[in-house]
1. Within the stretch 192-205, count every residue that is surrounded by fewer than 19 Cβ atoms within 10 Å (Cβ to Cβ), free of Cβ contacts under 8 Å to residues at least 40 places away in the same chain and not polar (S, T, N, Q).
2. How many residues are closer than 15 Å to TYR71 by Cβ and either over 13 Å from the mean Cα position of the chain (by Cα) or not assigned by TED's automatic domain parsing to the domain that holds TYR76 (or both) if we restrict to the stretch 90-106?
3. Restricted to the stretch 119-134, and to residues that are closer than 28 Å to LYS277 by Cβ and of a type outside the set (A, V, I, L, M, F, W, C), which residue is surrounded by the most Cβ atoms within 10 Å (Cβ to Cβ)?
4. All but one of (1) in contact with a helix residue (DSSP H, G or I) (Cβ under 6 Å, 6 or more places away or on another chain); (2) buried (at least 21 other Cβ atoms within 10 Å of the Cβ) hold for THR270, so report the exception by its number.
5. What strands (runs of 3 or more DSSP E), lying completely within the stretch 164-240, carry at least 2 residues that are among the hydroxyl-bearing types (Ser, Thr, Tyr) and at pLDDT 95 or above?
6. So ALA137 ticks every box in (1) farther than 30 Å from THR252 by Cα; (2) surrounded by fewer than 20 Cβ atoms within 10 Å (Cβ to Cβ); (3) at pLDDT 95 or above but one. Which box is left unticked?
7. Is it true that some residue in the stretch 237-258 is surrounded by fewer than 22 Cβ atoms within 10 Å (Cβ to Cβ), without any contact (Cβ under 8 Å) to a residue 24 or more places away in the chain, farther than 30 Å from ALA94 by Cβ and of a type in the set (Ser, Thr, Tyr)?
8. Please find, among LYS186, LYS138, LYS162, LYS170, the residue that is on the phi < 0 side of the Ramachandran plot and outside the structural domain of THR229 (by TED's automatic domain parsing).
Amino acid sequence: MTRMRPSSSARRLRLPAVAVLAALVMTLSACGSSGTGGATSATGSTKESAGTSLADVKKAGVLTVGTEGTYRPFTYHEGGNGRLTGYDVDVVTAVAKKLGVRPKFEETQWDAIFAGLDAGRFDVIANQVSINPERKAKFAFSTPYTVSRGVVITTADDSSIKSFSDLSGKTTAQSLTSNWYDLAKKAGANVQPVEGWAQAVTLLKQGRVDATVNDKLTYLDYQNTKHDTGLKVAVTTSDVTRNAFAFRKGSTSLVTAVDKALAQLRADGTLARISKKYFGKDVSR
């Protein structure tokens with residue numbers, strides 16, 4: 001039911017009780033009369049609860065996408081200040097084409113991206129959002145378009161690490177704010193703090209640490225550009241991370257349309273082609 005805001009004149013007038021009751025009954029009847037469970041605005045746009053409908057997107061002619069623009073290889077600017085590109089950018093652009101609209105990107109920092117979605121600044125987030133119970137309670141998700149696992153990376157000639165338990169007593173290089181730090185600590189590793197993947201690899205190749213734990217996508221992106229034969233995947237976790245587009249709750253028809261588009265893009269090989277462009281392998285399933 002849409003919350004009705006009274007006009008300023010209505011707020012100033014003190015109506016007789018009977019008139020107030022009659023107005024209330026009419027308002028409640030009007031709010032409950034929608035056959036779709038939604039409310040229609042003065043412009044004819046149908047909102048599904050607090051979400052965005054496919055009809056809204058079709059009418060606007062654009063799918064407004066929230067993304068960072070600083071998260072290589074998923075969403076970034078070529079050369080630092082060139083055009084916006086990346087795996088997520090290419091996938092959501094292909095989805096928008098299937099919907100018959102164009103994508104409009106709104107760049108924002110990760111810390112503010114969900115608040116921007118809540119505020120209606122964009123219709124969808126395309127930024128490698130992992131599906132977890134906490135987020136599923138607040139947001140709607142498409143079917144995953146990225147599937148990955150955690151990996152332990154060592155030098156190619158190291159045969160001492162064949163499982164997570166082998167990290168016990170070893171030294172790994174990890175960002176302190178990542179979940180990979182927690183995994184390494186739980187395995188009994190001594191963690192050397194680093195700022196990110198690049199620094200971890202440098203320490204590993206210098207022999208100053210024994211391993212680093214990270215997402216397999218990060219490793220595949222690195223190998224797709226560097227072709228570094230001096231490193232290898234020593235261990236792969238059994239836990240699977242699934243990343244998808246995030247929407248406001250109530251965006252049912254839009255989510256359904258996006259899922260249909262993703263299914264078509266998977267079937268015709270588009271998702272595999274985009275994957276191989278950035279990772280050298282199909283990471284979409």
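The values are calculated or read from the model by the stated rules, or taken from the named source; none is laboratory data. Since this is a predicted model, take the numbers as computed values, not measurements. Neighbour counts are summed over all protein chains in view; Cβ atoms, including those assigned to glycine, are modelled from backbone coordinates with ideal geometry.
1. Of the residues in the stretch 192-205, 5 are surrounded by fewer than 19 Cβ atoms within 10 Å (Cβ to Cβ), free of Cβ contacts under 8 Å to residues at least 40 places away in the same chain and not polar (S, T, N, Q).
2. Counting residues in the stretch 90-106 that are closer than 15 Å to TYR71 by Cβ and either over 13 Å from the mean Cα position of the chain (by Cα) or not assigned by TED's automatic domain parsing to the domain that holds TYR76 (or both) gives 3.
3. Only one residue fits best here, namely ASP123.
4. The failed condition is (2).
5. Ranges flagged: 171-174.
6. (1)
7. The answer is no; no qualifying residue exists.
8. Selected residue: LYS138, the only one of LYS186, LYS138, LYS162, LYS170 that is on the phi < 0 side of the Ramachandran plot and outside the structural domain of THR229 (by TED's automatic domain parsing).
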